[in-house]
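Here the structure is laid out as structure tokens; the discussion comes afterwards.
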Amino acid sequence: MDLRELYQEVILDHGKNPRNFRFPEPSNREGQGYNPLCGDRITLRLQLDGDVITDVGFQGSGCAISQAAASTMTEAIKGRTVADAELLFGQFHTLVTDDGGPEPNMDTLGKLAAFAGVGEFPMRVKCATLAWHTLHQALEGDDASAPVKTE
Amino acid sequence: MTPALRQAAAAAGAEPAAPPAFDVERVRRDFPALDQTVHGKPLVYLDSAATALKPQAVIDAVTGVYSRDCANIHRAVHLLSQRATAGYERAREAVRRFVNAGSADEIIFTRGTTEGINLVAQSWGRANLREGDEVLITGLEHHSNIVPWQLVCGQTGAHLVVAPITDDGEVRLEDVKARLTDRTKIVAVAQVSNALGTVLPLRPIIDAAHDAGALVLVDGAQGAPHVGVDVQALGCDFYALSGHKLYGPTGAGALFGKRALLEEMPPYQGGGDMILSVTFEETLYAEVPHKFEAGTPNIAGVIGMGAAIEYLEALGVQAAEAHEAALLAYGTEVLEAIPGVRIVGKARDKVAVLSFVMDAAHPHDIGTIVDAEGVAIRTGHHCAQPVMERYCIAATARASLGLYNTREDIDALGRALTRVQEMFG
Ligand SMILES: Cc1ncc(COP(=O)(O)O)c(C=O)c1O
């Protein structure tokens with residue numbers, strides 16, 4: 001088992017120095033994520049203009065994987081449409097869970113491809129997907145007072 | 001052996017019998033699960049507080065039930081049922097000896113500590129708690145000694161009161177006493193904290209509770225395997241334990257309750273085996289303990305738990321405790337010598353648990369990295385979220401000890417944590 005497959009440089013870097021670790025002003029969507037297994041928490045806020053995510057940021061605490069996943073996600077979706085973001089989520093999900101979805105496109109994923117090693121560590125998949133589930137909830141405009149849980 | 005006895009033995013020309021020496025290498029050979037590699041490394045099992053590994057004697061006892069004495073208990077005259085019933089009741093006697101109850105009728109078999117506490121909360125609690133009454137617990141309880149009380153408080157209008165813990169993770173007698181009032185009906189406390197390893201000052205807590213007119217339930221899930229118990233010397237009214245933390249199978253545990261209380265309490269669940277006679281108009285309940293054992297129990301699990309206790313008795317519980325105490329001291333030293341590691345929970349009286357956090361890495365990342373080195377520890381809130389909140393952390397990494405652990409295991413943990421430093425430092 002090669003830990004470097006899991007803890008790629010990109011992940012260590014974003015885990016230590018998360019980008020967009022702030023709330024955008026103004027913002028009009030919010031999602032909350034909580035992983036009861038390990039206590040990871042994130043709050044994600046975004047500004048949606050029409051169907052474009054013009055700004056996004058998060059606050060929270062958790063393991064390197066969960067923080068890096070949130071950080072790289074904010075970079076990846078900023079300036080994208082909602083449809084693009086959901087598409088990325090699908091690709092990312094397949095990348096880390098091998099759920100039989102369409103073969104992920106590494107070019108589309110860009111930096112997110114660094115999470116490919118997570119699939120080898122089943123106990124860590126939820127850490128990687130927490131931010132994305134939270135994004136999905138924020139975009140759907142579900143009741144933000146009920147945090148999504150990755151279980 | 002007393003000096004006088006030893007003298008007498010020497011005078012008679014006999015060698016005084018030495019106390020059984022604790023030979024950890026021999027003990028390790030009794031636990032087949034230790035003999036494996038994980039991720040290509042020899043397994044280092046430091047998660048006994050979650051569940052302990054099982055000795056061959058326990059595995060054989062369970063296999064024996066299914067391969068020979070496979071029958072329901074208390075129900076048939078055929079020989080297999082007689083053997084199964086005898087094994088089951090022998091386990092009850094083993095638990096009685098282990099906790100030193102006055103009578104085997106005071107031992108109720110359960111699924112584990114969780115069910116034991118729920119039984120008391122629902123049976124005794126619903127019958128005895130009233131609006132405005134108080135249930136006193138401490139700040140270091142496992143969720144299973146919090147939630148059952150919250151449930152029964154919701155049903156009866158009683159209140160849950162919490163005695164706080166100190167920065168070191170201790171429960172001070174004054175803090176318990178200060179919360180005992182004439183409305184306190186029961187005090188529910190852990191013997192040992194699973195998250196911090198703290199050993200609570202049970203005897204003075206129980207005396208103070210009784211002086212205030214309250215009963216005491218002890219959560220012995222972690223205490224039973226590492227400290228042992230004498231319920232008569234302690235004077236507690238209820239004591240719950242889990243067989244699987246005591247080197248027995250999962251799904252079997254026991255609840256001790258004082259006979260007079262058990263006799264007064266209504267049944268917890270209704271069904272077969274807990275009755276004397278049933279008509280549609282009226283059911284007469286069986287005597288204790290059977291009144292509380294509705295339905296076909298985990299027969300093999302209970303018999304395995306009995307075998308685990310007999311294994312521990314043969315080993316010498318005190319020798320095992322001394323071995324673990326020495327390891328805990330060594331482990332504390334090793335962890336404290338690693339820069340950036342902080343131990344959470346520094347009670348003066350402490351057993352078997354090393355909870356810690358690291359500056360460089362989140363506990364979950366620590367868990368993954370040490371697992372790759374073959375070292376199994378637990379990470380998370382350990383079902384004690386209020387404890388984590390008390391120390392303003394979301395989680396800890398926890399190495400916990402069993403009687404088969406060695407200094408080499410601790411060294412392996414130390415090396416694995418150095419790997420964490422390299423990766424994240
Ligand atoms: C202190 C304490 N109490 C209660 C429990 C619950 O035990 P079980 O899950 O075996 O019912 C545990 C086990 O995790 C524990 O450590």
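The values are calculated or read from the model by the stated rules, or taken from the named source; none is laboratory data. Note that this is a predicted model, so its numbers are computed, not measured. Every residue, glycine as well, gets a Cβ built from its backbone with ideal geometry; the counts of neighbours run over all protein chains shown. Each accessible area value is taken on the protein alone, full model and side chains, heavy atoms only, with ligands, DNA and RNA left out. Shrake-Rupley method; radii C 1.70, N 1.55, O 1.52, S 1.80 Å.
Observations
- Single residue of region B:335-347 satisfying the filter (modelled with pLDDT of 95 or more and open to solvent by 30 Å² or more (accessible area, probe 1.4 Å)) that is nearest to the other protein chains (Cβ to nearest Cβ): B:342
- Set side by side, the residues B:87, B:125, B:112 differ, and just one is in contact (Cβ under 8 Å) with a residue 60 or more places away in the chain, closer than 22 Å to residue B:352 by Cβ, in the same structural domain as residue B:186 (by TED's automatic domain parsing) and not polar (S, T, N, Q), which is B:112.
- Of all residues in region B:143-179, those satisfying the criterion of being surrounded by 15 or more Cβ atoms within 10 Å (Cβ to Cβ) and of a type in the set (Gly, Ala, Ser) are B:144, B:158, B:163, B:169.
- Taking the listed residues B:197, B:235, the one that is open to solvent by 10 Å² or more (accessible area, probe 1.4 Å) and on the phi > 0 side of the Ramachandran plot is B:235, with no other qualifying.
- Residues in region B:213-269 that are of a type in the set (Phe, Trp, Tyr) and free of Cβ contacts under 8 Å to residues at least 60 places away in the same chain: none.
- Within region B:116-164, being more than 22 Å from the chain's Cα centre (by Cα), β-branched (Val, Ile, Thr) and closer than 24 Å to residue B:293 by Cα holds for one residue alone: B:152.
- Residue among B:362, B:381 that alone is under 30 Å from residue B:32 (Cα atoms), facing chain A (nearest Cβ under 10 Å) and not acidic (Asp, Glu): B:381
- In region B:151-192, the qualifying residues are those that are within 15 Å of the ligand (Cβ to nearest atom) and not hydrophobic (A, V, I, L, M, F, W, C), and the one that is nearest to residue B:117 (Cα to Cα) is B:191.
- Of everything in region B:209-223 that is open to solvent by less than 10 Å² (accessible area, probe 1.4 Å) and either more than 14 Å from residue B:114 (Cβ to Cβ) or more than 12 Å from the ligand (Cβ to nearest atom) (or both), the residue that is nearest to the chain's Cα centre (by Cα) is B:223.
Condition check ((1) closer than 23 Å to residue A:8 by Cα; (2) modelled with pLDDT of 95 or more) across all residues:
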| site | (1), (2) |
| --- | --- |
| A:70 | yes, yes |
| A:79 | no, yes |
| A:90 | yes, no |
| A:109 | yes, no |
| A:116 | yes, no |
| A:130 | yes, yes |
| A:135 | no, yes |
| A:140 | no, no |
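Residue-wise test of (1) assigned to a helix (DSSP H, G or I); (2) of a type in the set (S, T, N, Q); (3) more than 14 Å from chain B (Cβ to nearest Cβ); (4) more than 14 Å from the chain's Cα centre (by Cα).
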position: A:94; (1), (2), (3), (4): yes, yes, yes, no
position: A:103; (1), (2), (3), (4): no, no, yes, yes
position: A:116; (1), (2), (3), (4): yes, no, yes, no
position: A:132; (1), (2), (3), (4): yes, no, yes, no
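- When the criteria are applied in full, residue B:203 fails the requirement of being open to solvent by 30 Å² or more (accessible area, probe 1.4 Å), touching a residue at least 60 places away in the same chain (Cβ under 8 Å) and in contact with a helix residue (DSSP H, G or I) (Cβ under 8 Å, 6 or more places away or on another chain).
- Entry remark, region B:85-142: residues being of a type in the set (Ser, Thr, Tyr), assigned to a helix (DSSP H, G or I) and open to solvent by less than 40 Å² (accessible area, probe 1.4 Å) number 4 in total.
- Taking every residue in region A:13-41 that is aromatic (Phe, Trp, Tyr) and pairing it with any residue that is open to solvent by 60 Å² or more (accessible area, probe 1.4 Å), at least 6 positions away or on another chain, the pairs with Cβ-Cβ distances below 6 Å are A:23/A:45; A:34/A:41; A:34/A:149.
- Output for region B:348-375, where each listed residue is open to solvent by 10 Å² or more (accessible area, probe 1.4 Å), among the aliphatic types (A, V, I, L, M) and more than 15 Å from residue B:419 (Cβ to Cβ): B:351, B:357
- Any chance residue B:308 is buried (at least 21 other Cβ atoms within 10 Å of the Cβ) and touching a Leu at 6+ places or on another chain (Cβ under 6 Å): yes
Every residue, every condition in (1) open to solvent by 30 Å² or more (accessible area, probe 1.4 Å); (2) out of contact with any helix residue (DSSP H, G or I) (no Cβ under 9 Å at 6 or more places or on another chain), yes or no:
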| position | (1), (2) |
| --- | --- |
| A:26 | yes, yes |
| A:32 | yes, no |
| A:39 | no, no |
| A:52 | yes, no |
| A:57 | no, no |
| A:67 | no, no |
| A:72 | no, no |
| A:95 | no, no |
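- Matching entry among A:80, A:22, A:45 (being surrounded by fewer than 20 Cβ atoms within 10 Å (Cβ to Cβ) and in contact with a helix residue (DSSP H, G or I) (Cβ under 8 Å, 6 or more places away or on another chain)): A:80
- Qualifying residue in region B:93-101 (condition: of a type in the set (S, T, N, Q), modelled with pLDDT of 95 or more and not assigned by TED's automatic domain parsing to the domain that holds residue B:247): no
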